[in-house]
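Here the structure is laid out as structure tokens; the discussion comes afterwards.
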Amino acid sequence: MDAKNIVISAQDLTKQFGDFTAVDQITFEVYGGEIFGFLGANGAGKTTAMRMLCGLSKPSGGKASVAGFDIYREPEQIKRNIGYMSQKFSLYEDLTIKENIQFFGGIYGLSDRVLKEKSTDLIQQLGLAEHAHTLVGSLPLGWKQKLAFSVAIIHQPSIVFLDEPTGGVDPITRRQFWDLIYEAADQGITIFVTTHYMDEAEYCNRISMMVDGKIAALDSPTALKQEFAAETMDDVFFQLARQAKRKSD
Amino acid sequence: MKQFFIFVRKEFLHVFRDNKTLLMLFGLPIAQIVLFGFALTNEIKDSKIVICDYAQDNASRQLIDKIAVSRNFIVKEQMIDQQQIKSVFQQGDVKLVVVFPNNFEQDLLHSNQAQLQVIADASDPNTASTLTSYISSITSDFQQNFNAGNQMQPIISPEIRMLYNPELKGATNFVPGVMALVLLLVCVLMTSVSIVREKEKGTMEILLVSPMNPLTVIIAKAIPYFFLSLINLTVILLMSVFLLDMPMNGSLLLLYLVSSILILCALSLGLLISNVTESQQAAMLISLMAMLLPTVLFSGFMFPLENMPVALQVVANAVPSKWYYIIVKSIMIKGVGFLSIWKETLVLSGMTLFLLLVSFKKFKIRLQ
């Protein structure tokens with residue numbers, strides 16, 4: 001991991017909805033190739049922060065750049081260089097696995113030849129060969145999520161944003177999902193992932209904890225556990241979350 | 001451009017995989033045409049009437065035959081007196097009684113004036129006036145032929161001419177209205193629902209994060225529905241011409257052109273609706289309410305605009321289907337060319353352009 005290579009940087013990034021400050025002047029950096037965990041209780045502002053970085057939401061203040069591009073001035077370049085997987089499982093359920101891969105690959109401008117190769121590889125890798133022509137809607141949730149992740153990185157983005165990607169699946173599937181994440185990280189894709197599963201936090205290289213729209217702590221899981229004299233990330237989270245004034249939803 | 005085609009292909013897949021959508025696309029127009037064309041027609045067929053012929057002469061016979069062959073009536077001849085008329089009506093199924101007085105032919109030949117008593121059961125005023133108007137038109141047709149060659153024109157009843165629709169066929173009124181209704185409903189419903197569905201399922205976010213231009217997304221979404229609507233239009237036209245005997249006197253090309261404008265108008269309305277709704281149900285409800293009511297009330301195909309208060313007539317001007325209705329009637333029935341309908345077309349195009357611009361502008365590029 002190259003610590004000098006900054007792929008995401010945010011400075012005093014702020015988002016207000018009327019009187020409510022969802023994200024309050026957060027400042028952080030994400031390095032190339034790392035798995036960066038973005039943690040916080042529900043309503044702490046993680047999703048909002050992530051959406052600003054992806055160009056889904058306009059910041060109210062502050063500066064940020066993603067993959068070397070400014071989020072105000074160059075959102076189109078950013079879009080070309082990132083992948084995104086949302087909380088809601090998001091593939092087309094009425095299309096087959098193959099059609100989904102071809103559609104999402106296609107809108108990222110992959111050529112037919114590359115697309116064909118990729119989709120065959122991907123289906124092989126996920127062990128879905130005999131289901132290539134199955135409608136996605138009929139797959140189990142765990143498979144859908146793995147597929148959604150693979151589709152999110154089909155265009156080899158430099159960064160992929162995952163918004164609570166493992167919500168609602170069993171621990172084994174979650175573990176398998178993280179294997180996929182590691183594989184992607186090995187290929188040099190930076191992973192920016194929000195979660196509120198503390199066991200997942202342990203898998204990250206570095207994590208930031210958001211409380212009430214602010215970043216309360218940012219370091220590697222080991223360092224954080226030392227700092228808070230805690231056994232597990234759960235304890236770290238409880239200590240930090242207890243400071244929260246904002247009610248979670 | 002390639003992205004665009006990939007997207008269009010995906011939209012077509014959505015349509016063809018969803019039975020509900022297909023049903024709505026093709027079932028709706030067929031159901032509407034059948035409903036409006038046959039069930040809800042204001043044309044009255046096979047109405048039972050009683051003819052009481054005191055004259056029993058040549059002229060009365062001819063006129064009765066003429067009435068009897070009309071498909072509006074089933075004639076029963078019966079000699080009844082004035083007292084019995086009421087009891088005939090009270091039995092319920094007879095709606096009209098025609099009484100030929102004595103000396104009908106002689107009056108007609110010698111004094112050029114003959115009387116014919118037409119008594120209608122006006123407990124249903126609409127039926128009564130429609131039936132009497134059928135009788136008057138048959139009568140006036142009869143007298144012209146009867147007196148052909150004679151210089152003196154007899155005056156029995158006011159001459160009624162039904163221009164373009166001498167048989168008072170209901171289809172001529174309903175078909176253009178149904179066309180407007182179906183095109184609007186299908187397009188608005190389909191576009192708004194298909195966009196809102198992507199919002200609901202979360203795929204819209206993925207699209208917005210992707211390098212796809214939002215404008216491309218909109219246009220690619222609209223294209224399948226545009227073509228499907230044209231197919232729809234063809235189905236409606238075929239059904240109305242071959243099933244409902246609707247005339248098609250004008251240029252087909254012009255009709256498709258104007259319809260395309262209405263479809264565009266509907267697509268942009270659907271887009272607007274999708275901007276303000278978050279769930280498919282809401283989108284459906286708004287589309288139905290916003291399209292069905294104004295079209296039915298203000299396009300003039302159910303309720304004549306001329307009878308409305310001025311304020312409502314002004315409101316009607318803002319309803320695109322009103323203009324489309326006028327244009328379609330002019331093209332199909334009167335067979336006019338573009339020069340006669342350019343004003344209405346201009347208004348419709350203006351509305352479409354306005355809605356298109358507003359909906360493009362309102363389409364949210366960023367989610368919040």
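Derivation of every value follows stated rules applied to the coordinates shown; laboratory data play no part. Only a predicted model underlies this, so the values are computations on that prediction, with no experimental measurement involved. Don't worry about glycine lacking a Cβ; one is built from the backbone with ideal geometry, like all the others, and counts go over all protein chains shown.
Please give the contour-minus-distance gain from residue B:285 to residue B:22: 0.36 nm per residue of separation, less the Cα-Cα distance, rounded to one decimal in nm.
My answer for the length gained is 92.8 nm.
Out of all Cα-Cα pairs in region A:1-68, roughly what percent, to the nearest whole number, are more than 19 Å apart?
31
Result for chain B in a Gaussian network model with C-alpha springs under 10 Å: among B:343, B:322, B:221, the largest mean-square fluctuation is at B:343.
Would you kindly give the portion of the calculated P(r) for the protein assembly as shown that falls above 38 Å, as a percent of all Cα pairs?
Values: 98895 of 190036 pairs.
In whole percent, the share of Cα-Cα pairs in the protein assembly as shown beyond 38 Å is 52.
Listed by chain and number, the lysines whose C-alpha is less than 25 Å from the C-alpha of residue B:48, apart from same-chain residues fewer than 8 away, are B:66, B:76, B:86, B:95, B:169.
Across every direction, the projection of the convex hull enclosing the Cα atoms of chain B has a mean area of 23.1 nm². With the alpha-carbon atoms of region A:114-188 aligned to their principal axes, the span from lowest to highest coordinate is 30, 28, 16 Å, starting with the largest.
The long axis of helix A:112-125 is offset from the longest Cα principal axis of chain A by roughly 70 degrees.
One Cα centroid belongs to region A:1-78, the other to region A:87-149; the line between them spans 28 Å.
Over chain A, the alpha carbon radius of gyration divided by the compact-protein estimate 2.2 N^0.38 Å works out to 1.01.
Evaluate the charge dipole of region B:47-146 about its Cα centre and quote only its size in Debye, nearest 20, assuming +1 on the Cβ of each Lys and Arg and -1 on the Cβ of each Asp and Glu. If you can, show how the numbers build up before the last one.
On the way: 7 positive and 11 negative charges, 51 e Å.
Approximately 240 debye in magnitude.
With neighbours defined as other Cβ atoms within 10 Å of a residue's Cβ, the residues A:72, A:203, B:324 order from fewest to most as A:72, A:203, B:324.
Suppose only helical runs count, i.e. DSSP H with n ≥ 4. What mean residue ellipticity at 222 nm does that imply for chain B under -39500 (n - 2.57) per run, divided by all residues and rounded to the nearest 500 deg cm²/dmol?
Using -39500 (n - 2.57) per qualifying helix, the result is -20000 deg cm²/dmol.
Under 5 Å between amide hydrogens, built in the peptide plane, is the criterion, and for residue A:220 it picks out A:207 among residues at least 5 positions away or on other chains.
Sorted fewest first by neighbouring Cβ atoms within 10 angstrom, B:299, A:57 come out as A:57, B:299.
Each listed q (0.10, 0.17, 0.21 Å⁻¹) maps to a log10 I(q)/I(0) for region B:47-146, found by the Debye formula over equal Cα scatterers with no solvent: -0.25, -0.73, -1.10. If you take all other residues with their beta carbon under 12 Å from the beta carbon of residue A:118, and give Lys and Arg +1 and Asp and Glu -1, the sum is 0. Between the beta carbons of residue B:1 and residue B:312, assuming R0 = 60 Å, the FRET efficiency works out to 0.80 to the nearest 0.05.
Spatially, region B:41-72 and region B:79-117 are offset by 11 Å when compared through their Cα centroids. Top mean-square fluctuation among A:136, A:160, A:23, Gaussian network model of chain A, C-alpha springs under 10 Å? With Cα springs under 10 Å in chain A, the top fluctuation among A:136, A:160, A:23 is at A:136.
Listed by number, the DSSP H helices of chain B that run 24 Å or longer by alpha-carbon position along their axis and have mean Kyte hydropathy of at least -1.0 are B:125-146, B:171-201, B:214-242, B:252-276, B:280-298, B:338-362. If R0 equals 30 Å, the separation of the Cβ atoms of residue B:249 and residue B:34 corresponds to a calculated FRET efficiency of about 0.80. Computed extension gain for residue A:170 through residue A:125, at 0.36 nm per residue and net of the alpha carbon distance, reaches 14.1 nm.
Quote to one decimal, in nm, the extra length available between residue B:48 and residue B:62 on full extension: 0.36 nm per residue of separation minus the C-alpha distance between them. Don't jump to the answer; show the numbers that get you there.
Details: separation 14, 0.36 × 14 = 5.04 nm, distance 1.90 nm.
Gain on stretching residue B:48 to residue B:62: 3.1 nm.
Using a cut-off of 32 Å between Cα atoms, the listed pairs B:20/B:334; A:146/B:199; A:46/B:2; A:63/A:225 include B:20/B:334; A:46/B:2 as exceeding that distance.
Taking neighbour counts of Cβ atoms within 10 Å as a proxy for exposure, in what order, fewest first, do A:52, B:302 appear? Present the calculation step by step, with values, prior to reporting the outcome.
Details: A:52 26, B:302 16.
Ordered from fewest to most neighbouring Cβ atoms within 10 Å, A:52, B:302 come out as B:302, A:52.
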